[in-house]
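Here's the structure, in structure tokens; my notes come after.
The values are calculated or read from the model by the stated rules, or taken from the named source; none is laboratory data. From a predicted model like this one, the values you see are computed outputs, not experimental measurements. Quick reminder, even Gly has a Cβ in these numbers, built from the backbone with ideal geometry, and neighbours come from all protein chains shown. Areas reflect the complete protein model, heavy atoms only, side chains present, ligands, DNA and RNA absent. Shrake-Rupley method; radii C 1.70, N 1.55, O 1.52, S 1.80 Å.
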Amino acid sequence: QVQLVESGGGLVQAGGSLRLSCAASGRTQSGWFRQAPGKEREFVAGISASGRTTYYPDSVKGRFTISRDNAKNMVYLQMNSLKPEDTAVYYCAGRSGSMPIKSAPTDYEYWGQGTQVTVSS
């Protein structure tokens, strides 16, 4: 069982930046998802357990960067050039499977409690 705890959410103006952190109790392939009210949970970034491979959907490519520090069991999501449509609860997730990086929520067994990100216009 892997436990995940997110932190770093908050309120930011459009064009600003935030860095989310996820403290993990084990090393797995990791992903960040977000869910806005009334919408399905959406994949925004994934990283292999080693950290050598990352994957992003077009909606955030070039603005979001996922990284990890395996010595500290931490996964990060750097979000730049934020837009109001990025407003959502952001979740850290982990899966015990191997490559390739998966983007469906059902592929991930472990989830954090979520952290709210609000981008004002």
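Some points to look at:
- Filtered residues of the range 90-121 (kept if within 20 Å of Met74 (Cβ to Cβ) and of a type in the set (A, V, I, L, M)): Ala93, Ile101, Val117
- Count of the range 62-72 residues which are part of a loop (DSSP other than H, G, I, E, B) and open to solvent by less than 60 Å² (accessible area, probe 1.4 Å): 2
- Index of the failed condition, Ser59 passing every other in (1) open to solvent by 40 Å² or more (accessible area, probe 1.4 Å); (2) touching a residue at least 24 places away in the same chain (Cβ under 8 Å); (3) over 18 Å from Gln113 (Cα atoms): (2)
- Residues of the range 13-36 include none that is touching a helix residue (DSSP H, G or I) at 6+ places or on another chain (Cβ under 6 Å) and open to solvent by 60 Å² or more (accessible area, probe 1.4 Å).
- Residue within the range 17-28 that is in a strand (DSSP E or B) and of a type in the set (S, T, N, Q) present: yes
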